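The structure under discussion appears below in the form of structure tokens.
Laboratory data are not the source of any read-out in this text; all were calculated from the coordinates shown. Here the structure is a predicted model, which is why all the values come from computation and not from measurement. Here the Cβ positions follow ideal geometry from the backbone for every residue, glycine too, while neighbour counts run over all protein chains shown.
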Amino acid sequence: MSEADYLEAFRSEQGSLGAQLPDWVMALRLSALGRFERAGFPDPRHEEWRYTNIRPIVKKAFKPAGDALAPLEVGVLDQHRLGVDSAVELVFVNGRLHAGLSQMQGLPDGAVVEDLGTALRSRGETLQPLLGQIADDRDSSFVALSTAFLRDGVFIGLAPGCVLERPIKLLFVSTREAQPVVFHPRILFHGGANSQATVIEHYAGMEGSASFTNTVTEAALEAGARLEHYKIQRESTQAYHIGSLHVRQMRDSSLRSHNVNLGGRLVRNDLNIGLMEPGAEVLLNGLFMAGGRQHVDNHTRVHHAAPHTQSTEEYRGIIDDHARGVFKGRVLVDRGAQRIEAHQTSANLVLSDGAEVDTKPELEIYADDVVCSHGATVGQLDEQSLFYLRSRGLDDKTARGLLTFAFAGEVISRIGEQSIRDRLEEVIVGRLPDHQRLKELV
Amino acid sequence: MLKITDLHAEVDGKPILKGLNLEVGSGEVHAIMGPNGSGKSTLCQVLAGRDGYQVTSGSVSFEGQDLLAMAPEIRAREGLLLAFQYPVEIPGVKNVYLLKAAYNAQREHRGEPEVDAFEFLQLLRERTRIMKMDESFLHRGVNEGFSGGEKKRNEILQMLVLEPKLALLDETDSGLDIDALKVVSEGVNTLRGEDRSVVLVTHYQRLLDHIVPDFVHVLSDGRIIKSGDKSLALELEANGYQNVVEAA
């Protein structure tokens with residue numbers, strides 16, 4: 001779908017939506033469309049898109065998500081579930097909320113989890129100052145595109161002091177369609193002062209689904225708010241996925257982001273974290289596994305805008321076959337942001353000659369009293385470790401599988417939810433050589 | 001059990017073993033002593049099948065089979081196990097995974113069914129007690145953050161679980177304090193048996209106070225230049241390698 005196709009799709013939708021969405025949303029959509037039109041899709045000459053060519057997305061003919069829901073059986077859906085005990089679960093099929101498959105009851109007072117369309121109509125005062133304000137669409141045509149097609153998604157709001165014991169689960173499933181679908185799920189999270197929640201965004205696709213998910217999440221964390229955020233992307237290996245997480249953190253707030261990408265043909269994630277006030281801290285924990293001809297690109301940007309803020313970033317990639325991985329980690333420390341701490345590592349395991357990875361740290365520091373570190377490694381499995389395992393009787397394949405699993409395990413071990421750790425371990429083992437034997441072991 | 005005949009091996013094109021002969025019978029304990037650079041570690045690596053250690057001539061037969069034709073994992077499954085001088089740390093691979101995988105690989109090789117998880121755990125518990133190791137070790141990454149002594153104990157623990165026909169110990173005593181040395185020695189002595197053999201490669205005599213060998217060999221410049229009983233070790237200790245090497 002080219003730029004012109006999106007403009008056309010926008011015009012045909014805008015007329016009928018006017019009755020459903022408030023004026024401020026219609027205006028927001030329209031201005032974002034203007035920015036999208038002017039910027040167009042990025043090409044590889046764009047510094048932020050040097051290693052990721054999105055032409056396949058532009059060339060492919062997608063159809064916009066329609067109101068007619070694809071038939072989907074619960075049994076089929078269950079194969080894609082993570083098996084996590086959750087407070088509420090919202091299921092989106094091809095980008096649109098499926099009320100029948102969702103479970104939205106049982107939240108404590110002070111917590112709201114609502115279909116975005118409903119929230120846009122009834123909670124304008126809360127949403128208007130946040131929506132499109134945390135994600136800067138001057139930076140990205142895909143964010144502009146998301147805002148232009150704003151309609152589907154979720155609003156999560158926590159009143160001050162509200163603590164959710166169990167996670168909020170969002171499952172996005174795409175089905176295999178004759179003509180693949182494009183959808184723009186938008187998630188807005190507002191964590192009031194000292195609130196606490198876990199949000200799991202899980203993207204799954206039926207085998208063969210060649211859909212295009214263009215997803216944007218914005219989160220505002222007020223003073224002392226804590227968010228554990230999961231993005232688990234397991235779409236089909238034919239799917240296109242462009243996603244971003246934009247977080248604005250106030251005093252003493254904490255974000256733990258776990259970004260795990262296992263699926264997708266062409267995947268790009270942008271994480272933009274603003275540590276706006278003292279005491280804010282963030283952990284960016286990331287893992288991707290790419291095989292076949294998958295292409296997975298993670299761009300992170302941490303902005304230390306205030307003193308005494310802290311960021312820790314640990315990204316790991318496992319790249320096999322003819323797959324390609326990209327990591328770019330930018331840390332920006334403002335002039336006044338003294339006594340901050342920023343640590344970044346990017347470790348990559350390249351399992352075949354045809355695989356490739358590009359990793360690039362970028363530190364821009366304008367303060368002088370800071371502790372910053374970064375390290376990037378690209379390598380193969382350690383020969384000494386391999387020999388050690390073989391010398392104990394493990395065959396080469398089992399040894400390689402075990403070491404690869406251990407490499408991924410470093411990221412998994414930082415995940416807070418036990419059930420997610422277990423499920424991810426299972427999924428990861430399933431993709432390793434000799435997985436039958438490994439399954440019995442680990 | 002093991003018969004090494006006129007073994008020549010090189011590393012990076014440099015000859016290290018230059019016609020080594022050694023025969024180890026069932027139930028015997030042999031100590032191979034020698035100065036640094038004599039080829040002790042190379043011999044161990046060659047026997048375990050490490051890449052980069054090139055055998056240029058000679059033969060090694062293990063239980064009547066051509067050892068050098070076997071992949072490293074087959075050697076282990078056939079019952080030849082090396083305790084490394086410098087065991088590697090493998091973060092993320094739990095000890096218990098490794099032990100279970102190794103144990104079952106061996107059973108499968110022998111055509112035996114896999115062990116029941118509960119039974120295996122019992123076995124592990126019992127063996128960790130012999131090595132005076134805390135059970136929590138089993139759930140830590142292989143040698144991850146272990147002290148030198150803990151790593152060596154872990155090597156012997158693996159032997160106790162896998163019960164090799166031939167245990168090959170590469171400087172297992174180096175870097176151990178006396179308490180750890182006793183524990184390690186006790187572990188090795190537990191391994192001894194009528195149909196099991198042990199080859200100790202060591203620089204120092206003190207290990208042999210605890211594990212008494214049937215034979216002692218002096219390795220120098222890639223060949224065994226002198227063999228004797230345990231008194232040879234005492235002689236080496238008293239007079240130094242130089243005298244023995246010159247006399248030979």
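Quick notes on this structure:
- Sum of side-chain charges, A:Ala355 neighbourhood, beta-carbon under 11 Å (Lys, Arg +1; Asp, Glu -1): -2
- Convex hull of alpha carbon positions in region A:383-442: directionally averaged projected area 4.0 nm².
- Per-selection Kirkwood Rh - region B:1-86 (Cα, Å, 1 d.p.): 13.3
- Percent of C-alpha pairs per 10 Å bin in the protein assembly as shown, short distances first: 3, 14, 21, 19, 14, 12, 9, 6, 2, 0, 0.
- Taking θ as phi - 60° and the Karplus parameters 6.51, -1.76 and 1.60, the scalar couplings of region B:114-122 work out to 4, 7, 5, 4, 5, 4, 5, 5, 4 Hz in sequence order, x denoting glycine and proline.
- Relative to its Kirkwood radius, the Cα radius of gyration of region B:77-127 gives an Rg/Rh of 0.99.
- Inter-probe distance in nm under a simple model that places probes 7 Å from Cα toward Cβ, at A:Thr126 and A:Asp139: 2.5
- Ordering of A:324-337, A:106-119 by burial proxy (mean other Cβ atoms within 10 Å per residue, highest first): A:324-337, A:106-119
- Dividing the alpha-carbon radius of gyration of region B:58-176 by the rule-of-thumb value 2.2 N^0.38 Å gives 1.08.
- Once you divide the Cα radius of gyration of region B:2-247 by 2.2 N^0.38 Å, the number left is 1.00.
- Global dimensions of region A:331-418 from alpha-carbon coordinates: Rg and Dmax equal 18.2, 57 Å.
- More than 17 Å apart - percent of Cα-Cα pairs taken over region A:50-175: 67
- Counting only Cα atoms, the size of region B:12-59 along its three principal axes is 35, 24, 18 Å, in decreasing order.
- Cβ-based charge dipole, the protein assembly as shown, positive-most Cα from B:Gln242, A:Ala290, A:Leu402: A:Ala290
- Each principal axis of the Cα cloud of region B:45-115 was taken in turn, and the coordinate range along them, longest first, works out to 38, 31, 15 Å.
- Kirkwood-Stokes translational diffusion coefficient of region A:3-277, alpha-carbon pairs, 10 °C, 1.306 mPa s, µm²/s: 85
- Sorted fewest first by neighbouring Cβ atoms within 10 angstrom, A:Thr377, B:Thr202, A:Thr215 come out as A:Thr377, B:Thr202, A:Thr215.
- Helical mean residue ellipticity (222 nm; -39500 (n - 2.57) per DSSP H run of 4+; nearest 500) of chain A: -7000 deg cm²/dmol
- Percent of beta bridges antiparallel (DSSP, region A:3-277, rounded to nearest 5): 10
- 3J(HN,Hα) along region B:77-86, derived from phi through the Karplus expression 6.51 cos²θ - 1.76 cosθ + 1.60 where θ = phi - 60°, amounts to 5, 6, x, 10, 10, 10, 8, 6, 5, 10 Hz, with x in place of Gly and Pro.
- Residue exposure proxy: B:Val88, A:Val260, B:Val93, ordered by other Cβ atoms within 10 angstrom of their Cβ from fewest to most, comes out as B:Val88, A:Val260, B:Val93.
- The alpha-carbon positions of region B:134-248 define a convex hull whose volume is 121 Å³ per residue.
- Antiparallel bridge percentage (DSSP; both residues within chain B; nearest 5): 60
- Average beta-carbon neighbours from other chains, 10 Å sphere, peptide B:70-83: 4
- Expressed to the nearest 5 percent, the antiparallel share of DSSP beta bridges inside the protein assembly as shown is 20 percent.
- Built amide H within the under 5 Å cut-off of A:Arg268, gap 5+: A:His241, A:Ile242, A:Gly243, A:Asp297
- A cut-off of 5 Å between modelled amide H atoms, ignoring neighbours fewer than 5 places along the same chain, links A:Lys360 with A:Phe327, A:Lys328, A:Gly329.
- Dividing the summed helix terms, -39500 (n - 2.57) for each DSSP H run of n ≥ 4, by the number of residues in chain B produces a 222 nm estimate of -12000 deg cm²/dmol to the nearest 500.
- Cut-off 9 Å between beta-carbons: net charge of the residues surrounding A:Ser236, Lys and Arg +1, Asp and Glu -1: +1
- Relative exposure of B:Ser41, A:Ser16, B:Ser227, A:Ser209, judged by other C-beta atoms within 10 Å (fewest first): A:Ser16, B:Ser227, B:Ser41, A:Ser209
- Exceeding the 30 Å Cα-Cα cut-off - candidates B:Lys18/B:Lys230; A:Lys60/A:Lys231; B:Lys14/B:Lys100; B:Lys100/B:Lys230; A:Lys59/A:Lys231: B:Lys14/B:Lys100; B:Lys100/B:Lys230
- Average beta-carbon neighbours from other chains, 10 Å sphere, peptide B:95-103: 5
- Per residue of A:400-408, other chain Cβ atoms within 10 Å of the residue Cβ number 3 on average.
- Environment charge of B:Ser136, counting only residues whose C-beta is closer than 14 Å and scoring Lys/Arg +1, Asp/Glu -1: +2
- Of interest is the spacing of the C-alpha centroids, which for region A:389-406 and region A:279-347 amounts to 29 Å.
- Think of each Lys and Arg Cβ as +1 and each Asp and Glu Cβ as -1; about the Cα centre, that makes the dipole of region A:383-442 roughly 60 debye.
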